[in-house]
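The values are calculated or read from the model by the stated rules, or taken from the named source; none is laboratory data. If you're wondering where the values come from, they're calculated on a predicted model, not measured in any experiment. All Cβ positions, even for glycine, are placed from backbone atoms using ideal geometry, and neighbour counts span all protein chains on display.
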């Protein structure tokens with residue numbers, strides 16, 4: 001009986017932490033130039049699907065909305081004009097840092 005209780009508590013705590021890690025949900029990046037072909041890129045702990053002039057991660061951890069995550073994405077796809085989620089977006093200074101080492105288009 002104690003083992004079942006312990007297993008239930010463990011499962012509940014894992015689900016609570018998983019929900020917190022995915023708290024921000026969708027993250028999107030608007031690109032200055034479209035990508036040549038649809039591609040998937042991992043940046044900031046999120047998987048972005050890039051198609052045309054947009055990259056979207058449907059389920060992203062809160063750490064995915066940072067200049068560092070944007071920079072990792074920009075290294076692969078080029079300059080980013082907007083980057084953010086439902087609760088937060090990067091400001092002009094963060095976007096400048098993001099684009100500092102962007103892939104040449």
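Structure data summary
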| read-out | value |
| --- | --- |
| Residue list for the range 27-39, restricted to those being farther than 17 Å from residue 85 by Cβ and either assigned to a loop (DSSP other than H, G, I, E, B) or under 12 Å from the mean Cα position of the chain (by Cα) (or both) | 32, 33, 34, 35, 36, 37, 38 |
| Residue tally, condition under 15 Å from residue 68 (Cβ atoms) and touching a strand residue (DSSP E or B) at 6+ places or on another chain (Cβ under 7 Å), over the range 25-43 | 3 |
| Only listed residue being without any contact (Cβ under 8 Å) to a residue 24 or more places away in the chain, assigned to a strand (DSSP E or B) and surrounded by fewer than 18 Cβ atoms within 10 Å (Cβ to Cβ), chosen from 56, 49 | 49 |
| Residue within the range 70-80 that is in contact with a strand residue (DSSP E or B) (Cβ under 6 Å, 6 or more places away or on another chain) and assigned to a strand (DSSP E or B) present | yes |
| Qualifying residue in the range 1-15 (condition: at pLDDT below 95 and touching a strand residue (DSSP E or B) at 6+ places or on another chain (Cβ under 6 Å)) | no |
| Residues of the range 70-105 satisfying the condition of being surrounded by fewer than 13 Cβ atoms within 10 Å (Cβ to Cβ), within 23 Å of residue 25 (Cα to Cα) and either touching a helix residue (DSSP H, G or I) at 6+ places or on another chain (Cβ under 6 Å) or at pLDDT below 95 (or both) | 86, 87 |
